[in-house]
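*Asks:* One structure is given below, represented as structure tokens, and several questions about it will come after.
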Amino acid sequence: MPAPSVAFAAPHPAAADAARTVVAAGGNALDAALAGAAALTVAYPHQCSIGGDLVAIVRPAGGSPRAILSIGAAATAVDVAALRASGPRMPERGPHPITVPGVIAGWAALAAEGARLPLADLLAPARALAAGGVPVSPGLRRAIRDGRDVVGADPGLRALLLDSAGAPVTTLVQPALATTLDSVAADWRAFYSGALAERLVAGLTALGSPLSIDDFRAHRAEITDPLTRTIDGVTWHAAPPPVQGATFLAIAGSPDLLPAAYRARTARDVLLGDPRTGPVDLDGLLLRSPVAGTGSVAPRPAGDTVAVTAVDSDGTAVTLIQSVFFSFGSGLLDPGTGMVLHNRGSSFSLDPAHPARLVPGARPPHTLCPALAVAGETVVALGCQGGRSQPWILAQVAADVVGSPDLDALLTRSRWVIGAEEIDRATPTLLLEPGTPDAPRLAATAAGLGLTVETTAGRHDDAGHVQVARRSGGTLAAAGDPRADGRAVLL
């Protein structure tokens, strides 16, 4: 069977190069997305890592969309009482917010949905980057500058990212990570139950984490039906809790998006949690019923995520997001394996009545929000970086992404976000990029909601890094956000 053509978008050129390599070898959209995602764990350690989590929506050619949630759980030995005694909120950095990393199991689950090439072939470009080096991108250079205290405090990060004079390196060379990728390529299960897992757990124990080898052995990627909603003839698919896909579906297509986003933000903060450890009010998250209760889990993620989107001429589509949450995650790099460890567990609540409460084996609430749209023969894979703002970033694009003749112009268009701590503001704020459509009305609405209004000096990372790939009428198209370092390609 001849290889299909692929539309692909990601936030770093190394991902596009990796995708090109595997498509040339006969790969499809899934192969391209996986190779690109693996390359990003090498080139973008401030935003993603094999020490992080993964959420995806995949639609095999001729099949139904599926959600893949490879979200790691808290340690079974976590001392919740001790954490509560130390403060009202989860620690943001360090060993305690590290949950079992889900990326590797997520890659394997995605590959099983119809990738054409062996996982070893898909990881080969990433392995070559780790061993041979990859130039430091402008985005990573900014993250090193802005996170110098975090980078400088950890021996692993410091050795990787700073030279002997304390300046950012120009090239990342990661031999330990290359060796780890070799082990994963030989047998991905070794990450959770083999010698690689033992080595990683030993490193985590040395850092002060309560995670055990049994916690790693227990991890499984969840494969389930996505949440769906049809808007103006377009069926949108998003991931279910503990992912905030319901928040996107609640507001997509709203005639007055800002107040809808404000209500949905409140509902998410109060209601989102892990359905494995207690009931989750899905109707409330979808704004179909009143929201009761109080509480919020709102740490400030910065740089947290990469989105990879791919659609091929056969109709296979994937939108994939992987993340370390905060920039450089927990602020810890395990020298033995070369991986940056995430801090997704910082989103747990220490309130025992909250749906996102920390209990042994629970999964934290997730900001990751990949989305996939189907309208007749048109399929769109959409995703973005943007932390807790991902639902309203995507909603501003979703109304036009199915039919827009110019996807590049759509992603260049100025956007807004709302937030407080998550956009580094002391009070709830509407943040507008210059030239945001309908800015005066938005500002007036924001004032009525009690939001401070601020306009940025130019395009801003908090407005997200959107990636989109589309097949429509037999034509492929893709676009990458100009706020990021990457590019979109047709392969």
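*Asks:* Taking the residues in segment 128-140 that are over 19 Å from Thr337 (Cα atoms) and either at pLDDT 95 or above or of a type in the set (Val, Ile, Thr) (or both) as candidates, determine which candidate is nearest to the chain's Cα centre (by Cα). Can you show your working first?
*Replies:* Initially, segment 128-140 is screened for residues over 19 Å from Thr337 (Cα atoms), giving 135-140.
With the extra rule that they be either at pLDDT 95 or above or of a type in the set (Val, Ile, Thr) (or both), the set shrinks to 135-136.
Working: Pro135: 22, Val136: 21 Å.
In this case the residue turns out to be Val136.
*Asks:* Follow-up question, since we're still on this one. Just checking, which of Val151, Val103 is in contact with a Phe, Trp or Tyr (Cβ under 7 Å, 6 or more places away or on another chain) and surrounded by 21 or more Cβ atoms within 10 Å (Cβ to Cβ)? Please lay out each step first, then the result.
*Replies:* Working: Val103 fails: in contact with a Phe, Trp or Tyr (Cβ under 7 Å, 6 or more places away or on another chain).
Testing whether each residue is in contact with a Phe, Trp or Tyr (Cβ under 7 Å, 6 or more places away or on another chain) and surrounded by 21 or more Cβ atoms within 10 Å (Cβ to Cβ) leaves just Val151.
*Asks:* Looking at this structure, is Ala239 free of Cβ contacts under 8 Å to residues at least 60 places away in the same chain and touching a helix residue (DSSP H, G or I) at 6+ places or on another chain (Cβ under 8 Å)? It would help to see each step written out before you state the result.
*Replies:* On the way: free of Cβ contacts under 8 Å to residues at least 60 places away in the same chain: no; touching a helix residue (DSSP H, G or I) at 6+ places or on another chain (Cβ under 8 Å): yes.
Judged against the criteria, Ala239 is not a match.
*Asks:* Here is a list of conditions, (1) at pLDDT 95 or above; (2) surrounded by fewer than 24 Cβ atoms within 10 Å (Cβ to Cβ); (3) more than 30 Å from Glu113 (Cα to Cα), and Ala302 meets all of them except one; can you say which number that is?
*Replies:* (1)
*Asks:* So, in segment 439-467, exactly how many residues are modelled with pLDDT of 90 or more, assigned to a loop (DSSP other than H, G, I, E, B) and surrounded by 13 or more Cβ atoms within 10 Å (Cβ to Cβ)?
*Replies:* Of the residues in that region, 3 qualify.
*Asks:* Evaluate segment 452-466: report whether one residue or more is among the aliphatic types (A, V, I, L, M) and closer than 27 Å to Ala14 by Cβ.
*Replies:* Yes, some residue in segment 452-466 is among the aliphatic types (A, V, I, L, M) and closer than 27 Å to Ala14 by Cβ.
*Asks:* Could I ask something else about it? List every residue pair whose Cβ atoms sit under 7 Å apart, with the two residues 6 or more apart in sequence or on different chains, where the first one lies in segment 73-90 and is of a type in the set (Val, Ile, Thr) and the second, anywhere, is crowded, with 17+ Cβ neighbours inside 10 Å.
*Replies:* If the second residue must be crowded, with 17+ Cβ neighbours inside 10 Å, the pairs left are Thr76/Asp215; Val78/Pro210; Val78/Leu358; Val80/Leu358.
*Asks:* Identify all residues within segment 1-31 that are assigned to a helix (DSSP H, G or I) and over 14 Å from Gln467 (Cα atoms); write none if there are none. Lay out the reasoning, then the answer.
*Replies:* First, pick out the residues of segment 1-31 that are assigned to a helix (DSSP H, G or I): 13-24, 29-31.
Passing the criteria: Ala14, Asp17, Ala18, Ala19, Arg20, Thr21, Val22, Val23, Ala24, Ala29, Leu30, Asp31.
*Asks:* Scanning segment 427-436 for residues that are touching a strand residue (DSSP E or B) at 6+ places or on another chain (Cβ under 9 Å) and not β-branched (Val, Ile, Thr), which turns out surrounded by the most Cβ atoms within 10 Å (Cβ to Cβ)?
*Replies:* Initial filter on segment 427-436 (touching a strand residue (DSSP E or B) at 6+ places or on another chain (Cβ under 9 Å)): 427-434, 436.
Those still in the list that are not β-branched (Val, Ile, Thr) too: 428, 430-434.
On the way: Pro428: 17, Leu430: 26, Leu431: 24, Leu432: 21, Glu433: 20, Pro434: 12.
Out of the qualifying residues, it is Leu430.
*Asks:* Quick one: how many residues across segment 350-369 are assigned to a loop (DSSP other than H, G, I, E, B), surrounded by fewer than 23 Cβ atoms within 10 Å (Cβ to Cβ) and in contact with a Leu (Cβ under 8 Å, 6 or more places away or on another chain)?
*Replies:* Total meeting the criteria: 1.
*Asks:* Among the candidates Val243, Val234, single out the residue that is under 27 Å from Gly361 (Cβ atoms) and β-branched (Val, Ile, Thr).
*Replies:* Val243
The values are calculated or read from the model by the stated rules, or taken from the named source; none is laboratory data. Keep in mind that this is a model prediction, so the values were computed, not measured. Because the Cβ atoms are built from the backbone with ideal geometry, glycine has one as well, and the counts that use them run over all protein chains shown.
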